[in-house]
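Novice: To start, I am sharing the structure in question, which I have written as structure tokens.
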Amino acid sequence: MSNFVLVHGSWHGAWCWRDLTPRLEALGHRVVTLDLPGHGEDQSPPQAVTLQSYADRVGAALGEFSEPAVLVGHSMGGIAISQAAEQFPEKIASLVYLCAFLLQNGQPLVQVALADQASSLIPNLMPDEAGAVMRLKDGNLADVFYADCAPETAEWALAQLRPDPIAPVGTPIQITDANYGRIPRYYIECLQDRAVSPSVQKVMYTAMPCRRVISMQTSHSPFLSAPGELAGHLAEIDRESR
């Protein structure tokens, strides 16, 4: 039995792991999910949300286990797990980036995201007037996030989305070889992804080499479109990284 902490991406919350969590638990694992500040059911004011507050929230979740956990980050959740890994390396058995932003020291997420010319997400971004959150335009979001999900699943997920705090994605991550660099990391690329393009995913895991790269023929949300397959990959990573 192993421990997993699952960290969602932008606009999402702990709710997105609805279908993956029971599959990991059925394999005998313990799973903790969380709402990052300003996401899901968390009521933190967006102007007070920082990358540090993300790392602190992940660290608190890791603290629920007495032994190190496999820390999984989806999409934007990649910056949250990277920063948490720098601060809490002894609590983490391995890092898994699920079509996530795997950044180098000193990089802000926004720099990489806005350079992704193949992303269908970028035209859907709409900052609010106060500059505290990034909203999403109505339109083709089901195709961007949930292209291979059942229509009823996509409809349910779209209804859960919330505006995303801006400050964390503009903050450069700060990681070192001594802390972050000592943790094994894995990348799960999604080859039909329309939010974070496969080409940008490859650029990131090439610049920041991982112990292994696993490919899935899914769009951006395999935890909803292929949760059984994803659970199998995560269990395999756990066995390999022990």
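Only the coordinates and a few stated rules stand behind these numbers; no lab work does. As the structure is a prediction and not an experimental result, all values here were calculated from the model. Methodologically, a virtual Cβ is constructed for each residue, glycine included, from the backbone with ideal geometry; neighbour enumeration extends over all protein chains shown.
Novice: Subtracting the Cα-Cα distance from 0.36 nm times the residue separation, let me have the gained length for Glu64 to Thr206 in nm, one decimal.
Specialist: Going from the current span to full extension adds 47.8 nm.
Novice: On to the next question. How do Met76, Met204, Met1, Met126 rank when sorted from fewest to most other Cβ atoms within 10 Å of their own Cβ?
Specialist: Met1, Met126, Met204, Met76
Novice: Using Cα-Cα distances under 8 Å and only pairs 6 or more residues apart, what relative contact order does the chain have, in percent?
Specialist: 24 percent
Novice: Using DSSP, restrict attention to beta bridges with both residues in the chain and report what percent are antiparallel, rounded to the nearest 5.
Specialist: Roughly 20 percent of the DSSP beta bridges within the chain come out antiparallel.
Novice: Strictly under 4.7 angstrom between C-beta atoms: which cysteines of the chain have no such partner?
Specialist: Cys16, Cys149, Cys210
Novice: Right, another one. In which sequence would Thr176, Thr33, Thr218, Thr153 go, from the one with the fewest C-beta neighbours within 10 Å to the one with the most?
Specialist: Lowest count first: Thr176, Thr153, Thr33, Thr218.
Novice: Another one. Sequence gap at least 6, Cα distance under 8 Å: using those rules, report the relative contact order of the range 53-186 to the nearest whole percent.
Specialist: 31 percent
Novice: According to a simple spin-label model (label point 7 Å from Cα along Cα-to-Cβ), what is the distance in nm between Ala48 and Ala178?
Specialist: 3.3 nm
Novice: Can you put Leu51, Leu36, Leu136, Leu27 in order, fewest other beta carbons within 10 Å first?
Specialist: Ascending Cβ contact count within 10 Å gives the list Leu27, Leu136, Leu51, Leu36.
Novice: Something else: Per the helix-only calculation at 222 nm, which mean residue ellipticity applies to the chain, given -39500 (n - 2.57) for every DSSP H run of n ≥ 4 and division by its residues, nearest 500 deg cm²/dmol?
Specialist: Here the helix-only value at 222 nm equals -9000 deg cm²/dmol.
Novice: Let me ask something additional. Relative contact order of the range 27-120: what whole-number percent is it, with Cα pairs under 8 angstrom and at least 6 residues apart?
Specialist: Value for the range 27-120: 23 percent.
Novice: While we're looking at this one, here's another question. Which label marks the calculated value of semi-axes √(5λ) of the Cα gyration tensor in Å, given the options [x] 24, 20, 18; [y] 49, 18, 16; [z] 26, 21, 17?
Specialist: It is the one labelled [x].
Novice: Classify the range 152-242 as rounded, prolate or oblate from the Cα gyration tensor: take a ≥ b ≥ c as the square roots of its eigenvalues, call it rounded if a/c is under 1.5, otherwise prolate when a/b beats b/c and oblate if not.
Specialist: It is oblate, given that a/c is not under 1.5 and a/b is not larger than b/c.
Novice: Could you please state, rounded to a whole Å, how far the C-alpha centre of the range 154-191 is from the C-alpha centre of the range 123-144?
Specialist: First find each Cα centre; the distance between them is then 18 Å.
Novice: A follow-up question, please. Taking the Cα centre of the range 3-241 as the origin, how large is its charge dipole in debye, to the nearest 20, when only Lys and Arg (+1) and Asp and Glu (-1) carry charge on their Cβ atoms?
Specialist: About 460 debye.
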